[in-house]
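The structure appears below as structure tokens.
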Amino acid sequence: MNKKVLTAVMAVSMLAGLGVAANAEGEKIGVAMPTQDLQRWNQDGENMKAQLEEKGYEVDLQYAGNDVQTQVSQIENMIANGDQLLVIASIEGDSLGTVLAQAKEANIPVIAYDRLIMNTDAVSYYATFDNYLVGKTQGEYIVEALDLENQDGPFNLEMVTGDPGDNNVNFFFGGAMDVLQPYIDEGKLVVPSGQMTKDEVATAGWDTATAQSRFENILSSFYADGTNLDAVLASNDSTALGVVNALAANYTGEYPIITGQDCDIANVPHIVDGTQAMSVFKDTRTLASQVVEMVDAIVKGEEAPVNDTETYDNGTGVIPSFLCEPVAVTVDNYKEILIDSGYYTEDQIQ
């Protein structure tokens, strides 16, 4: 086992001796979420809160409005109020080192949720979806939809990814580009804007309006002459929505394939009507259930269940992780995956 992984596991196994209770009754769990502006974080937070409360935990759920200092203050309060364990979806992966040093000093274990918290040895575990597979799935969808194995092209591609401070972007973009780059090298895919690096295609805060503004500039600069845009690699649904909005206002060519992620309620109607081709679904109920299992194990002084001890290095070593598997959603399967499963009702996506 990797030395850093072993150290983290040993540290968690010592928690029973550091005063962590052996059962959930009365134990307080701090859950720090980045924002309520994106619907997926509301569902993440509420799903986790409900499942933890079912187990008998008291839950301190806080949303930080995408403001780093607010999140730091909320975590400081959780530590001061005696929370036994922290589950944190960070706004910026590098912004929490100082406050998490306080958590470590207080013997409070930390689970990084969905976004890896970087450059701190206070993180005990990481729970997320297989983010490389998310990007790979998006890239493979574009390859299949354009039939790149059999068509010469060239097809025009543009890319929109997320916040440069979010470590997940490295995996989303990396997974997609591992699939798409060979076709770019071959000339079957071309990027008229020339914007192809992660930094060039980033979207601060995953913000829809920011993505829309950038894409409007791309359309006016490279597609105003009637050039067709064939595909857009959008790393998530908030950026995909920005692309859809920009296209509606500024584009008259053949409609492109647009990817996404999260199956946000604002985007599902676009999947149904064809203005967004697909989204990668990450069932927050599944991730919440896994985090509850991890919390339970840690509170009891046991090893939390993990299935990856190699991939996610936060700068201080590899963090033991549990990766849930994402699923591609299209017009052909959205009812089965989103409606029949009870994630949404039919009325919600009209």
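Checking each residue of segment 179-186 against the condition of being outside the structural domain of Gly65 (by TED's automatic domain parsing), outside any loop (DSSP other than H, G, I, E, B) and among the polar types (S, T, N, Q) gives at least one match. From the list Asn170, Asn156, the lone residue that is assigned to a strand (DSSP E or B), in the same structural domain as Asp237 (by TED's automatic domain parsing) and of a type outside the set (A, V, I, L, M) is Asn156.
Within segment 123-136, the set of residues being part of a loop (DSSP other than H, G, I, E, B), surrounded by fewer than 24 Cβ atoms within 10 Å (Cβ to Cβ) and aliphatic (A, V, I, L, M) is empty. Scanning segment 201-232 for residues that are free of Cβ contacts under 8 Å to residues at least 12 places away in the same chain and either within 30 Å of Asn150 (Cβ to Cβ) or not assigned by TED's automatic domain parsing to the domain that holds Leu148 (or both) yields a count of 1.
Can Thr227 be described as surrounded by fewer than 24 Cβ atoms within 10 Å (Cβ to Cβ) and under 20 Å from Ile271 (Cα atoms)? Spelling it out, it is not the case that Thr227 is surrounded by fewer than 24 Cβ atoms within 10 Å (Cβ to Cβ) and under 20 Å from Ile271 (Cα atoms). Determine whether Val160 is modelled with pLDDT of 95 or more, buried (at least 20 other Cβ atoms within 10 Å of the Cβ), under 19 Å from Phe281 (Cα atoms) and among the hydrophobic types (A, V, I, L, M, F, W, C). It is true that Val160 is modelled with pLDDT of 95 or more, buried (at least 20 other Cβ atoms within 10 Å of the Cβ), under 19 Å from Phe281 (Cα atoms) and among the hydrophobic types (A, V, I, L, M, F, W, C). Only residues that are under 22 Å from the mean Cα position of the chain (by Cα), part of a helix (DSSP H, G or I) and of a type outside the set (A, V, I, L, M, F, W, C) were counted across segment 48-105, and they come to 7. Might you check whether a residue that is in contact with a helix residue (DSSP H, G or I) (Cβ under 8 Å, 6 or more places away or on another chain), surrounded by fewer than 17 Cβ atoms within 10 Å (Cβ to Cβ) and modelled with pLDDT of 95 or more occurs anywhere in segment 237-252? Checked against the condition, which is being in contact with a helix residue (DSSP H, G or I) (Cβ under 8 Å, 6 or more places away or on another chain), surrounded by fewer than 17 Cβ atoms within 10 Å (Cβ to Cβ) and modelled with pLDDT of 95 or more, segment 237-252 yields no hits at all.
Scanning segment 319-336 for residues that are closer than 20 Å to Phe172 by Cβ and β-branched (Val, Ile, Thr), we see that the one that is farthest from the chain's Cα centre (by Cα) is Thr330.
Residues that are at pLDDT below 95 and under 15 Å from Val123 (Cα atoms) within segment 49-88 are absent altogether. Among the criteria (1) modelled with pLDDT of 95 or more; (2) under 15 Å from the mean Cα position of the chain (by Cα), the one Asp114 does not fulfil is (1). Report yes if Glu303 is more than 19 Å from the chain's Cα centre (by Cα) and within 21 Å of Met48 (Cα to Cα), otherwise no. In short, yes.
State yes or no: is Ser90 hydroxyl-bearing (Ser, Thr, Tyr) and buried (at least 19 other Cβ atoms within 10 Å of the Cβ)? When the stated conditions are applied, Ser90 passes them. Pairing residues of segment 80-93 that are in the same structural domain as Ala64 (by TED's automatic domain parsing) with residues that are among the basic types (Lys, Arg) and not in a strand (DSSP E or B), at Cβ distances under 9 Å and at least 6 apart in sequence or on separate chains, gives Ile88/Arg115; Ala89/Arg115; Ser90/Arg115; Ile91/Arg115; Glu92/Arg115; Gly93/Arg115.
The single condition among (1) under 26 Å from Thr284 (Cα atoms); (2) part of a loop (DSSP other than H, G, I, E, B) that Gly253 does not satisfy is (1).
Scanning segment 195-208 turns up at least one residue that is farther than 19 Å from Asp152 by Cα, touching a helix residue (DSSP H, G or I) at 6+ places or on another chain (Cβ under 8 Å), in a helix (DSSP H, G or I) and aliphatic (A, V, I, L, M). Count of segment 216-250 residues, restricted to those that are touching a strand residue (DSSP E or B) at 6+ places or on another chain (Cβ under 7 Å), assigned to a loop (DSSP other than H, G, I, E, B) and more than 19 Å from Thr284 (Cβ to Cβ), is 4.
The values are calculated or read from the model by the stated rules, or taken from the named source; none is laboratory data. Not measured: the values here are computed from a predicted model. Here the Cβ is made from the backbone with ideal geometry for all residues, glycine too, and neighbour counts use every protein chain on show.
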